[in-house]
Amino acid sequence: MKAKLFVVSFTCMAMSLVVKAGDVIRLNQVGYLPGQEKVIVIDNVAPGRITVKNAAGKTVLKAKAGRMAVSPFTGKKRYVVDLSALKNAGDYTIEANGSTAKLHIADKVYHDIATAAAKSYYLMRSGVPIEQKFAGKFARPLGHPDTNVLVHASAATSLRPEGTVLSSPLGWYDAGDFNKYIVNSAFTIGMMLAVYEQLPDYFANFQLNIPESGDATPDLLDELMFNIKWMFTMQDPADGGVYHKLTTPNFEGFVMPIDCHQTRYVVKKSVTAAYDFAAVMAKAARAYKQVPAYKDFPAAAVRAAKAAFEWAKAHPADFYRQGEMNKKFQPAVNTGEYGDGKADDELFWAATELYLTTGDASYLDDAKRTMPTKFSVPVWGNVGGLGIFAWLQAFSGELSEKSKMLLGEFAAQTVKNTPTSNFQAPFGDKATDFGWGCLAEGFCAPAISLLFADKYVAPGKYRKEALRTVDYILGRNPLGYCYVTGFGQHSPMHPHQRISSADGIVEPMPGLLVGGPNPGQQDKGSMLNYLSNAPDESYLDHEGSYASNEIAINWNACLVGLLCWIDALF
């Protein structure tokens, strides 16, 4: 999530920072698909001949590096080796320069990790007990019922004065903390619905083992609805405005939800929250239109979306600025801000979704007026790309054609450097690829954008590049991490997440994408010392590293979208 400025008290714990000495083989630790490319990278050691043996110990392939690349950050030499001649499913051992690594090949090799990434939202639910039947050892008692939430002074109106008690239950914990944020929730749902629209048949059979499983609704839609129900409670029915977040004044300590006792508030309405809310409700109205279990939802969602849109248009300068708010109102709020100083992208996305849902030409006018002139990868602070995705789904018309053009320009430019890259991927060789939440915003979300281009702009052209991005995330990278908890031979064990820290379980919740290398190193200090300042190596597997090792629902939405689309394609 966006930079959080807070201090965490913790004891220094053991942390695995890089792969053990001698290991130089970088590869996708989850596995490769039989008919697809299988590239590994030997890191900073000239490999000579590489030998691959099958499970019986028989040599089945000998290979040499096809090319060498030099890190633009450290000068390390990387040797790119293509093992695509391996076609048969099975487990193999790679030997290179005294190092060994396991290579797995299987059909549907990404299905389990895609399922775990989506199932993580059940584990992030608030306001309900997490049951052993569905969560196993990660079960926990109810925390944060949020049935007695107070209206903060910044959000007070004559009808809802300061201290008014509201009920705002359900929803997901946002990230490493226990608060709930409209802006980020909206992006999260918007990204997953955008991918859902492309793969309805796939998601019809996508099973998550959640309490709603077994009903007639796809599990992903049931899980998204759990958060949408909370979002409904964040709209003021009197004027249509939407509270920016539901929060405690300060972040809780590293304790379980049941042990949290701070008062929780809804705080100031914001123009960005209102537009994002409107966009999600309008989009969801279409997605749930044919779902019998939610037959009353679409009409209610459209009403709510229209009201939020009108409030936002009437309050164009009502941005959420926490510092200014704290000068005027008490108690001061010091949790994640999700601040933004512009709203044209939110307006474009909301107008797009409302037009595609209602057909009202006034929304089309707003969408035309605010359409971006360049495609930007969708992230919570710039949601214009979600509007572009929606216009692609519309198939025809002026904005649809313009969206194809903008996305096509982005895709063509993005893949140019893969053939000379360090890790045979379209991302990871520029310093700007790294930073807060980069593995989602700089890798997964751009790869999803490439998949949209693969479907709508140049069919079949870009899916390989998205698959190469998956390889990077899952281990073919400088530090040899599979950056998703619970998968691979070397994955994060200490994410910056309160539940995984406090639950007494050795392993963290599975299926969570960590933020990733962040050269800003905003958490660096006496107890946190990065081993490298290189942009692609600025990562710590330590619970205190909120700059590189936090998890967040918006980041996991990008992981879910990418992995599910890849799983459906191959």
**Range of Cα positions in the chain per principal axis (Å), largest first** = 76, 57, 45
**Message:** Ranking request for peptides 313-326, 419-432: highest mean number of other beta-carbon atoms within 10 Å first, then the rest in descending order.
**Reply:** 419-432, 313-326
**Fill in**
Whole-Å distance linking the alpha carbon centroid of the stretch 192-230 with that of the stretch 94-132 is 19 Å
**Message:** On a full-extension model of 0.36 nm per residue, what is the gain between residue 431 and residue 158, subtracting their alpha-carbon distance, rounded to one decimal in nm?
**Reply:** 93.3 nm
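How large is the translational diffusion coefficient of the stretch 43-124 in µm² per second when you combine the Kirkwood radius over alpha carbon pairs with Stokes-Einstein at 20 °C and 1.002 mPa s?
Using the Kirkwood radius from Cα pairs, D works out to 142 µm²/s.
Please give the contour-minus-distance gain from residue 296 to residue 64: 0.36 nm per residue of separation, less the Cα-Cα distance, rounded to one decimal in nm.
Working: separation 232, 0.36 × 232 = 83.52 nm, distance 6.12 nm.
Going from the current span to full extension adds 77.4 nm.
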**Fill in**
At 10 °C in a medium of viscosity 1.306 mPa s, the stretch 296-404 has a Stokes-Einstein diffusion coefficient, with Rh taken as the Kirkwood radius over alpha carbon pairs, in µm² per second, of 103 µm²/s
**Asked** Considering amide H positions built from the backbone, and no H for Pro or chain starts, which residues 5 or more places from residue 382, or on another chain, come under 5 Å of its amide H?
**Response** none
**Item:** C-alpha center-to-center spacing [the stretch 496-557, the stretch 294-313] in angstrom
**Value:** 37 Å
**In the stretch 55-103, trypsin sites (Lys or Arg not before Pro) in a DSSP loop with at most 11 other beta-carbon atoms within 10 Å** = 58, 64, 87
**Prompt:** Using a simple spin-label model with points 7 Å from Cα along the Cα→Cβ vector, what separation in nm is obtained for residue 289 and residue 111?
**Reply:** 3.1 nm
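Give me the number: length gained by fully extending residue 303 to residue 395, i.e. 0.36 nm times residue separation minus the C-alpha to C-alpha distance, one decimal in nm.
Numbers: separation 92, 0.36 × 92 = 33.12 nm, distance 2.58 nm.
Result for the pair: 30.5 nm of gain on full extension.
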**Item:** Estimated inter-spin distance, residue 51 and residue 458, nm [label 7 Å along Cα→Cβ]
**Value:** 4.1 nm
**Cα→Cβ-extended label distance, 7 Å offset, between residue 324 and residue 215, nm** = 4.2 nm
**Asked** At a Förster radius of 22 Å, what calculated FRET efficiency corresponds to the Cβ-Cβ distance of residue 89 and residue 37, to the nearest 0.05?
**Response** 0.90
**Request:** Working from Cα positions, state the angle (0 to 90°, nearest 10) between the long axis of helix 361-370 and the longest principal axis of the chain.
**Result:** 50 degrees
**Asked** What's the FRET efficiency of residue 82 with residue 167 using the Cβ-Cβ distance as r and R₀ = 56 Å, to the nearest 0.05?
**Response** 0.45
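Hey, what's the chain come to in accessible area per residue, 1.4 Å probe, Å²?
Values: 20190 Å² over 570 residues.
On a per-residue basis, 35 Å².
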**Apportionment of accessible area to carbon and sulfur, the chain, percent (1.4 Å)** = 53 percent
**Asked** Could you give me the ³J(HN,Hα) list for the stretch 287-301, computed from phi with Karplus coefficients 6.51, -1.76, 1.60 and θ = phi - 60°, whole Hz, x at Gly and Pro?
**Response** 5, 9, 4, 9, 9, x, 5, 10, 4, 8, 5, x, 5, 5, 5
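The values are calculated or read from the model by the stated rules, or taken from the named source; none is laboratory data. None of the values given here were measured: they were computed from a predicted structure. Neighbour counts run over all protein chains shown; Cβ positions are idealised from the backbone, glycine included. We work out accessible area using only protein heavy atoms, side chains counted, and drop any ligands, DNA or RNA first. Shrake-Rupley method; radii C 1.70, N 1.55, O 1.52, S 1.80 Å.
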